[in-house]
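The values are calculated or read from the model by the stated rules, or taken from the named source; none is laboratory data. Just so it is clear, the structure is predicted and the values come from calculations on it, not from any experiment. Positions of Cβ are backbone-derived with ideal geometry, glycine not excepted, and every protein chain shown enters the neighbour counts.
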Amino acid sequence: MKRIKQKKAVDQGVRQLVLQMPEVIAQQLHEMVVGAGLTVLAAMLEAERERVCGPRYAHVEGRRAHRAGHAPGELALGGRRVSVKRPRARTVDGNEVRLKTWEAFADDDPLHQRAVEQRVVGVSTRKYARSLEPVAAKTRGTSKSAVSRRFVALTKKKLDAMLESSIGELKLAVLMIDGIHIDDHVVLVALGIDEEGRKHVLGLHEGATENATACKGLLANLRRRGLRTDRSILVVIDGSTALRKAVRDVLGKKGVVQRCQLHKRRNVVDYLPEGMRKRIDTAMAQAYRCGDEKKAKRLLTNLANVLEDAHPSAATSLREGLDETLTVLRFGLPEALVRTLSTTNAIENIQGGIRRVCRRVTTWRGGSMILRWVGAALVEHARGFRRLRGHKGMEKLVAELRALDGEYTVARHEKAA
């Protein structure tokens, strides 16, 4: 019996050791891989120094440089800076020889990108060091202040690049614009959809409110960077009068406006008592989905007439801009594309991604900080972009827009005559 108990104890100890082995092996494997990488790097540096100075202890005629020992150095590794020995070489005149291998590995950019990615996915500056894999070497660059500086530097660089990049080469058919409130600021975001149904973040603009000045500032920036204003483009907006005015002032007739049907439904039912809201909202949804512009307008106009006496504000809201909520129905597009372009859901999905990233910030320090965070969130969200639902109907939309251009040209010539 005693031997049986001893055997069971030994078996249990073996099982515990086996369970612990993966963690132990993983730790050792990681240290081995890091160590091997540093060893290979040291060999590459020494090989380049040998090409410059010649073999060690060998007499070389016309030698242009000689070895000068080693100096303390740092390289980017795993999201931090690791201390390593840097081989040195000097010319016969005493000038330092710059080793290209060292310069390539000493670049700071990987650290900046790692800091931004960690912050965007929710790692705080205080916990940044804990999120990195351990390295058996002296390191630095993982403090709260260091991570914050890198995050600010790279997000500002990316934001500047976004606001200055050319968009003239994009064959845009649709422009969606909407605003998101952060702290005491409103950030307008512009999303472009090209003729093949691919999405592109075009830019953003900050303001205290979603007024016409801020909206015109965004559109003016897009036009300066190459947005074509000589041909028609479908502009999907939420119904804001300021945004509508800005589109008219900057794009004129070439900005073919589609007001968001969901926003229209919400605005109307907000004027109604609770008991009527579901019924009226359902009636509006059915009218918008009937697939025919004239029928939809007739149904919605009749609904406004019904609401006129008891709820005049709701009726007025329904009639306001009604034609612009039916623009995509007028084009006779496939149902899938109509449902996609009749609302601002595509850009509101982006705003949801912005909120998920920005809600981690507890204190905002001005509009510049907000723009940097929103820009970082947009870059992160754009990685998951898919083609627009119903993109197979984009060819029909483009044909309708070009037909409008032809009508405008004819009308202009007739007016001139």
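Summary table below
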| read-out | value |
| --- | --- |
| Given (1) under 22 Å from residue 364 (Cα atoms); (2) touching a strand residue (DSSP E or B) at 6+ places or on another chain (Cβ under 8 Å); (3) crowded, with 21+ Cβ neighbours inside 10 Å; (4) not hydrophobic (A, V, I, L, M, F, W, C), number of the condition residue 239 does not satisfy | (1) |
| The listed residue being within 21 Å of residue 395 (Cα to Cα) and surrounded by fewer than 21 Cβ atoms within 10 Å (Cβ to Cβ), out of 332, 353, 321, 367 | 332 |
| Residues (touching a Cys at 6+ places or on another chain (Cβ under 6 Å) and in a helix (DSSP H, G or I)) located in segment 339-376 | 373 |
| Within segment 164-185, tally of residues that are over 29 Å from residue 395 (Cα atoms) and surrounded by fewer than 17 Cβ atoms within 10 Å (Cβ to Cβ) | 4 |
| Residue that is over 21 Å from the mean Cα position of the chain (by Cα), on the phi > 0 side of the Ramachandran plot and of a type in the set (Gly, Ala, Ser), where the choices are 390, 366 | 390 |
| Subset of segment 377-390 (residues that are surrounded by fewer than 19 Cβ atoms within 10 Å (Cβ to Cβ) and either out of contact with any Ser or Thr (no Cβ under 6 Å at 6 or more places or on another chain) or part of a helix (DSSP H, G or I) (or both)) | 379, 380, 382, 383, 384, 385, 386, 387 |
| Selected residue (criterion: modelled with the highest pLDDT) from residues of segment 34-59 that are of a type in the set (Val, Ile, Thr) and surrounded by 11 or more Cβ atoms within 10 Å (Cβ to Cβ) | 52 |
| Matching helices (runs of 4 or more DSSP H) fully within segment 99-211 where at least 1 residues are at pLDDT 75 or above and either more than 15 Å from residue 347 (Cβ to Cβ) or touching a helix residue (DSSP H, G or I) at 6+ places or on another chain (Cβ under 9 Å) (or both) | 100-105, 144-164 |
| Residue that is surrounded by the most Cβ atoms within 10 Å (Cβ to Cβ) [pool: residues in segment 301-313 that are in a helix (DSSP H, G or I) and touching a residue at least 12 places away in the same chain (Cβ under 8 Å)] | 307 |
| Candidates 251, 262 - the one that is surrounded by 14 or more Cβ atoms within 10 Å (Cβ to Cβ) and closer than 25 Å to residue 399 by Cβ | 251 |
| Criterion violated by residue 285 - all others in (1) farther than 30 Å from residue 381 by Cβ; (2) surrounded by fewer than 14 Cβ atoms within 10 Å (Cβ to Cβ) satisfied | (1) |
| Which listed residue is surrounded by 19 or more Cβ atoms within 10 Å (Cβ to Cβ) and closer than 30 Å to residue 395 by Cβ, from 154, 191 | 191 |
